[in-house]
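Asker: The following block contains the structure, expressed as structure tokens.
The values are calculated or read from the model by the stated rules, or taken from the named source; none is laboratory data. It should be emphasised that the depicted structure is a prediction, and the values quoted were computed from it without experimental measurement. Cβ atoms come from the backbone with ideal geometry, glycine included; neighbour counts cover every protein chain shown. Quick note on the areas: whole protein, heavy atoms, side chains included, nothing else; ligands and nucleic acids left out. Shrake-Rupley method; radii C 1.70, N 1.55, O 1.52, S 1.80 Å.
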Amino acid sequence: MSNSIYRRHFLLTAGMILVSFALLGSAFITLSYQYTIREKQDTLLENVTAVSSMAAKVQLNGMTIQNENFQTIMIALSQMSGSHVILTTPEGVVAMAAESSISTNLRGWQLPEAVVLETTGSGLYSGMTTLGGMYQESRFVVGRPILALRSDGETMVLGLAFMATQASSFTEMWRAFSNIFFFTALVVLIIAFISSSITSMRQTMPLKEMADAARRFGHGEFDVRVEAASRDDEVGELAAAFNAMADSLSTAEGRRREFISNVSHELKTPMTTIAGFADGILDGTIPPEKERDALMVVSSETRRLSRLVRRMLDLSQLQAKEDDIITAQEQFDVSEIMCRVLVSLEGKVNARSLDVDCQIPEEPVMVWGEPDGITQVCYNLLDNAIKFSAKGETLGISVTAGKDGKAHVSVRNRGETIPPDELELVFDRFHKSDQSRSVDKEGVGLGLYIVKSVLNNHKENITVTSEDGVTEFTFTLTLAK
């Protein structure tokens with residue numbers, strides 16, 4: 001089961017979750033890192049601007065930046081911000097440096113010329129630097145010039161103010177956010193994997209159940225059904241369809257067994273009769289004066305066997321092309337075929353003293369189809385109607401062209417009413433209304449089944465009704481326009 005649906009579904013779901021979290025995590029890390037750095041930069045910039053402003057005011061008031069009170073303030077600011085405060089002359093020579101609670105003795109240190117020029121030229125410096133070796137590792141440094149307005153309105157540079165902070169201070173908050181995110185992501189991933197595993201198993205269990213049921217079908221257990229049909233989802237629909245298929249297979253198996261039983265009965269009865277009379281003649285059990293009657297019975301049963309074999313051959317040919325669409329269709333007049341069949345059965349009509357109510361239009365009713373097949377349909381329906389009509393009753397035939405683009409052909413007879421539970425079975429193979437098979441000695445129970453098969457191959461319909469002794473079969477054909 002290394003390539004099972006469960007494994008593939010689980011791996012696909014887990015892969016999608018991992019990729020989604022990887023993309024989400026990458027986006028979160030990038031955005032949070034940029035946000036944290038930007039926030040720290042903005043804070044440093046505000047602080048260095050404040051330092052520059054205070055340093056300018058101190059010098060304009062006649063004090064120097066080495067003033068003890070001013071340095072105390074700078075040390076306090078350095079302690080609160082966690083940054084190194086550096087004040088220089090306009091040329092970049094360190095005049096004061098304060099970090100945490102101690103004043104760092106860096107007086108006289110010359111800052112790199114590039115830093116000084118950028119600070120005085122653009123009014124702002126921002127970047128990672130060691131400030132010419134002042135620090136062993138690069139720090140993030142921001143700087144502002146200390147500006148004062150002269151009496152003539154010109155701005156002069158009194159010095160430069162810088163604040164330097166270690167890069168690790170930038171990432172502390174970001175690391176805290178990241179830890180929270182990764183912990184949450186891990187919990188969510190575990191829950192997602194467990195949920196995916198349960199969901200995948202829930203989806204594949206009915207499939208395994210159906211596979212097991214299919215194997216049991218193969219061993220002849222047609223009463224097996226899938227329990228997942230009660231689920232209200234696509235798997236439930238599949239299970240319901242599977243159960244419907246199982247019902248159909250079970251019904252088909254029952255009909256197959258009935259078919260075999262019927263064929264055996266239809267073949268056994270005449271063969272037993274033939275053998276019995278033949279043996280009677282050969283061994284002298286039947287006297288010579290009754291041999292002719294016995295031979296007539298043998299002849300009759302032989303012809304019945306011949307009809308059964310012929311009908312079964314016709315049935316085999318129809319079933320061979322049951323799934324094919326009739327391609328050799330042509331236009332023909334269905335009224336003419338019905339009249340021709342009626343004439344061929346005139347002897348049987350007269351033998352039962354039947355009147356014929358023929359409602360066939362004078363003008364041709366042209367339809368599409370296979371003339372030979374439709375001729376067989378008309379013959380079987382008329383022969384069946386004559387056979388089951390009460391003597392002296394009326395046989396009805398009608399052909400009409402409907403507005404739905406179909407021709408409707410009906411054959412009606414009056415006799416015994418077919419029970420409602422029998423109507424659904426009249427087109428089955430070997431079905432006879434008389435289960436004892438004592439009434440319909442001539443029939444073999446295939447005529448109406450052949451009718452249904454021919455019309456199915458034409459993609460047409462046939463219906464039957466039976467009320468108050470009147471039974472009517474109606475089938476359709478496509479009109480030729």
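Asker: Thr394: net charge of surrounding residues, Cβ under 13 Å, Lys/Arg +1, Asp/Glu -1, itself excluded?
Answerer: Around Thr394, the surrounding residues sum to 0.
Asker: To continue, here is another question. For a protection proxy built on the mean count of beta-carbon atoms within 10 angstrom, sort 19-31, 198-210 highest first, please.
Answerer: The peptides rank, most packed first, as 198-210, 19-31.
Asker: Hey, can you grab everything whose amide H is under 5 Å from the amide H of Ile286? Only 5+ residues off in sequence or another chain; H modelled, so Pro and N-termini drop out.
Answerer: The answer is Ile281.
Asker: Order 236-244, 77-85, 218-226 from most to least packed using the mean count of other Cβ atoms within 10 Å.
Answerer: So the order, starting with the most tightly packed, is 77-85, 236-244, 218-226.
Asker: Hey, what's region 175-230 come to in accessible area per residue, 1.4 Å probe, Å²?
Answerer: 67
Asker: Also, quick follow-up: May I ask for the net charge around Gly15, where only other residues with Cβ less than 13 Å from the Cβ of Gly15 are counted and Lys, Arg are +1 while Asp, Glu are -1?
Answerer: Result for the neighbourhood of Gly15: +2.
Asker: Where does the charge balance sit around Glu362 when Lys and Arg score +1, Asp and Glu -1, over other residues with C-beta under 15 Å from its C-beta?
Answerer: That works out to -3.
Asker: Go through region 86-91 residue by residue and turn each phi into a ³J(HN,Hα) via Karplus (6.51, -1.76, 1.60, θ = phi - 60°); whole Hz please, and just put x for glycine and proline.
Answerer: After applying 6.51 cos²θ - 1.76 cosθ + 1.60, I find 10, 10, 10, 6, x, 8 Hz.
Asker: Once amide H atoms are built 1.01 Å from N in the peptide plane, which residues 5 or more positions from Arg139, or in another chain, come under 5 Å H to H?
Answerer: Residues meeting the criterion, in which the H sits 1.01 Å from N, are Thr129, Thr130.
Asker: Another question, then. Enumerate the calculated ³J(HN,Hα) couplings along region 386-392 in order (Karplus 6.51 cos²θ - 1.76 cosθ + 1.60, θ = phi - 60°), each rounded to whole Hz, writing x wherever the residue is Gly or Pro.
Answerer: In residue order, the calculated couplings are 4, 4, 9, 7, 5, 4, x Hz.
Asker: Under a 1.4 Å probe, what is the accessible area of region 45-160 per residue, stated in Å²?
Answerer: 52
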